[in-house]
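Structure first, then comments.
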Amino acid sequence: MVSRKFFVAIPAVAALAACAATPQTVGSGPALAGYFDCVRERGIAISAHRGQSAEDQPENSIAAIEATGRAIPGAILELDAVLTRDGGLILMHDESMDRTTTGRGRVADLTVAEVQAARLRAPDGALTDAAPPTLAQALAAAGRVDAIASIDLKPADEAATLTLARAVIAEVRRAGAADRVILITYSAGTAREVAALAPEMMISAGTKSVAALDGLNRPQILGWTGAGEPNPTLWAQLKAAGVEAQFGTLGTAGRRLDDRYAEDGDVSEYRDLYDQGVTIIATDAPLAVKRVLSAEVAAAASCKR
């Protein structure tokens, strides 16, 4: 979940998607709200950064989605969606195609067909036969392995972020996937806007206090408490307020907590996070977390969805 700035033009297709993603009144809130309440009391959930669980899996790929979903019960798959020139939604972390594919150029300047003509590279350098998937393809893959897709709405200027949010919400509704999706926001203001647009979907909201969540429907909210510096006091406060605490051990290779925990071959620190009140660990090493907290992961996955 690394910030980056980009501008998204709104072609006709995206404009239609924006119209489709108007605020709706849907029951009493997200279907997943009760599930996460159960997870908070019973165990822990793992969020795999960019969907990956191994170095031979390209980030934001169908291969990563399916492998990680099969390996981890109740997996949450953090995915990055970007709008194309023709209003499509493609999974891509970067603004550019260059780092992770054989393609070149900004995704926003290309059509879906042009993006999917490229092939994905894995972090280990291997070239694959797979194209960058559309969001619709990714949602279908996550559904096949009973995983939850956590879709990152990258922070840009407010208008561009909300344009992306409207397109994503419309696609999720078309796929009938609202009951297995989280929408990631970074500011309280954006969280409120997105929550109003999609009251039937869970919202990840960055927060440094319970008070920062005022004005939000707390059962709809998962509290993102950052990465790198554990905050048990905030986690306890969020739990008391009925909000699940998320914490990230992910980040830059060599500096992230995942790597620091692994330096001595003992990654029991993940259990410390659970004991201190974290409900969701967002990580670049999801299988390591599962090894330490296998019973808690299994208990959480038994919660009804």
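Could you pull out the longest piece of the chain with no exposed loop GluC sites (Glu not before Pro) in it, calling a site exposed if DSSP puts it outside H, G, I, E, B and it has at most 13 other Cβ atoms within 10 Å?
Details: sites that count: Glu55, Glu263.
Longest gap between qualifying sites, sites excluded: 56-262.
With N denoting the number of residues in segment 73-123, provide Rg(C-alpha) divided by 2.2 N^0.38 Å, to two decimal places.
Numbers: Rg = 11.6 Å, N = 51, 2.2 N^0.38 = 9.8 Å.
For segment 73-123, the normalised Cα radius of gyration comes out at 1.18.
For segment 171-250, take every pair of Cα atoms, bin their distances at 10 Å starting from 0, and report each bin as a whole percent.
Bin by bin from 0 Å, the calculated values are 19, 50, 26, 5.
Mind computing the radius of gyration and Dmax over the alpha-carbon atoms of segment 18-143? Å is fine for both.
When restricted to Cα atoms, segment 18-143 yields Rg and Dmax of 16.3, 47 Å.
What are the radius of gyration and Dmax of the chain, computed over its Cα atoms and given in Å?
Taking only Cα atoms of the chain, I get Rg and Dmax of 18.0, 54 Å.
Please report how far the C-alpha centroid of segment 169-208 lies from that of segment 62-138, rounded to the nearest whole angstrom.
21 Å
Helix check for the chain. Which DSSP H runs span at least 18 Å along their own axis by Cα, with a mean Kyte-Doolittle hydropathy no less than 0.5?
Working: long enough: 158-175 (25 Å, 0.52).
Counting only whole DSSP H runs, the qualifying helices are 158-175.
Rounding to the nearest 20 debye, state how big the charge dipole of segment 111-182 is about its Cα centre with +1 on each Lys and Arg Cβ and -1 on each Asp and Glu Cβ. Show your work: numbers first, answer last.
Details: 8 positive and 9 negative charges, 36 e Å.
Computed charge dipole of segment 111-182: roughly 180 debye.
Once the Cα gyration tensor of segment 178-305 is diagonalised, what are the square roots of 5 times its eigenvalues, in whole Å and ordered largest first, as equivalent ellipsoid semi-axes? Write down the numbers at each step before the final one.
Working: eigenvalues 135, 53, 37 Å².
The answer is 26, 16, 14 Å, longest axis first.
Treating only the Cβ of Lys, Arg, Asp and Glu as charged (+1, +1, -1, -1), what charge dipole size does segment 43-99 show about its Cα centre? Round to the nearest 20 debye. Before the final figure, lay out each step's value.
Values: 4 positive and 10 negative charges, 43 e Å.
It works out to roughly 200 debye.
Taking only the C-alpha atoms, wrap a convex hull around segment 37-85 and report its volume per residue in Å³ as a whole number. Let's see the in-between values first.
Numbers: hull volume 4.3 nm³, N = 49.
Taking only Cα atoms, segment 37-85 has a hull volume of 88 Å³ per residue.
So how far apart, in nm, are the two label points at Ala117 and Ala262 if each is 7 Å from Cα heading toward Cβ?
Each label point lies 7 Å from its Cα, and together they span 3.7 nm.
Only sites in a loop by DSSP and with at most 15 other Cβ atoms within 10 Å count here; which trypsin sites (Lys or Arg not before Pro) in segment 190-299 make the cut? Mind dumping the intermediate values first?
Values: sites: Arg192, Lys208, Lys239, Arg255, Arg256, Arg260, Arg271, Lys290, Arg291; in loops: Lys208, Arg255, Arg256.
Here the trypsin sites (Lys or Arg not before Pro) that fit, given the DSSP loop and packing criteria, are Lys208, Arg255.
Considering every Cα-Cα pair within segment 254-305, what fraction, in whole percent, is farther apart than 15 Å? Intermediate values should be presented prior to the final figure.
On the way: 602 of 1326 pairs.
Tail fraction, whole percent: 45.
So what is the calculated 222 nm ellipticity per residue for the chain, using -39500 (n - 2.57) for each DSSP H run with n of 4 or more, over all residues, to the nearest 500 deg cm²/dmol?
Values: 12 runs with 110 residues, N = 305.
Result for the chain, helices only: -10500 deg cm²/dmol.
Any read-out appearing in this document is the output of simple, stated calculations on the displayed coordinates, not a laboratory observation. Fair warning: this is a prediction, and the values are worked out from it, not measured in the lab. All Cβ positions, even for glycine, are placed from backbone atoms using ideal geometry, and neighbour counts span all protein chains on display.
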